[in-house]
Each structure stands twice: as C-alpha cells, then as structure tokens.
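What follows is one structure encoded as structure tokens, with my remarks underneath.
The values are calculated or read from the model by the stated rules, or taken from the named source; none is laboratory data. Note that the structure is predicted; figures quoted are calculated from it, not measured. With ideal geometry, Cβ positions are generated from the backbone for all residues, glycine too; neighbour counts draw on all protein chains shown. In case anyone asks, the SASA skips ligands and DNA or RNA and just uses the protein heavy atoms, side chains included. Shrake-Rupley method; radii C 1.70, N 1.55, O 1.52, S 1.80 Å.
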Amino acid sequence: MRPTNHLGYLLQHVASLLAKQSDQVLQEQLGIGLAQFKILQLLKVCPDVKQRDVANDLGQTEASISRQVKLMLDDGLLHSIINPKDHRQHLTVPTRKGLRLAEAAMAVLEKYHAPTFTALGTKQHEQLDELLGVLHGRVCHTAHPDPTAHA
C-alpha cells in the first residue's frame, strides 16, 4: 500500500535514512553525532544565534540543543565569549578544534554519500539541488512566517 502523499513520504524517508547513516558514520569515524555536526556548522556561520533559533533551525528541542552544546563545551569543540556588541550576552562559538572537526565531518559525509549521489547524472544532480533549494526555502518560510505579512 502506497502512502497517500507519496512524494512527501519519499522525501521524508530518504532524509531520515540519510540522517541515520550520516549519524552512524560520524559516530564511528569521528566520535560526534550528526546533531553536533549541524550545530558546529550553524555556529560557524551564525555565532550570535540563540539556542532557541538553533533548535528551530535544526528541528530539535531547546533542551536537546542545550545538552549538545554543554557536551561540546566540555569536549572543547565550543567556547563561550562575551558578545562585543552587548556585554551582557554570551556567544557560543566553535573552537579551532571544533572547526577542524566540522571540516573533517564534512569530508567524511561527502565521501560516504558520494556513491549514492553518483547514481544521478550531472543534470539530474543540478536539478535535484535546485528543487531541494526551492523546497527548503518554502519549508523554512512556512516554519518561520513573516510576522508582518498579515498586518
């Protein structure tokens, strides 16, 4: 029996399997999970992001992100600094060790998933990239609607 939303089901299922495989290979090869990798990647580009926003962006709870951040602080992957723009606020930023680990993780994931994506031709790969970008933008917009849109 096929799910009624076949395309949505396939996207969710593929994403779930890729995430599970990514988490497993990162744990085995580098000792971090996919959640920690995603946090490192996000903090690398947005060091002033709040944990609530990290949780929303990554589809996790604030408690889960808080636990992961604490572990990463303890492991020396992140450190806390005072925000130069607001001395009352602390920023959590990746350390050099965290940045090196994020780079290593990206390389591990690219190598691990390469055989999966070589099943697509160059044109198909480009089309998939474009389509996923459109869907990502749409889903992100729906998840974080513009509060002024209804004003």
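Counting only residues that are under 30 Å from LEU131 (Cβ atoms) and of a type in the set (Ser, Thr, Tyr), give me the helices (runs of 4 or more DSSP H) lying completely in segment 1-86 with at least 1 of them. Even if it seems obvious, please write down each step before you answer.
Details: elements: 6-30, 34-45, 51-58, 62-74.
Hits in segment 1-86: 6-30, 62-74.
Considering only segment 86-118, state which residues are open to solvent by less than 60 Å² (accessible area, probe 1.4 Å) and of a type outside the set (A, V, I, L, M).
ASP86, GLN89, THR92, PRO94, THR95, GLY98, HIS113
If the Cβ limit is 8 Å and pairs must be 6+ apart or interchain, which residue in segment 99-122 that is outside any helix (DSSP H, G or I) pairs with which residue that is open to solvent by 40 Å² or more (accessible area, probe 1.4 Å) and modelled with pLDDT under 95?
Going by the 8 Å Cβ cut-off, the qualifying pairs are LEU120/LEU128.
Can you tell me which residues in segment 67-106 are on the phi < 0 side of the Ramachandran plot and small (Gly, Ala, Ser)?
The initial filter retains those residues of segment 67-106 that are on the phi < 0 side of the Ramachandran plot, namely 67-75, 77-106.
SER80, GLY98, ALA102, ALA104, ALA105, listed by residue number.
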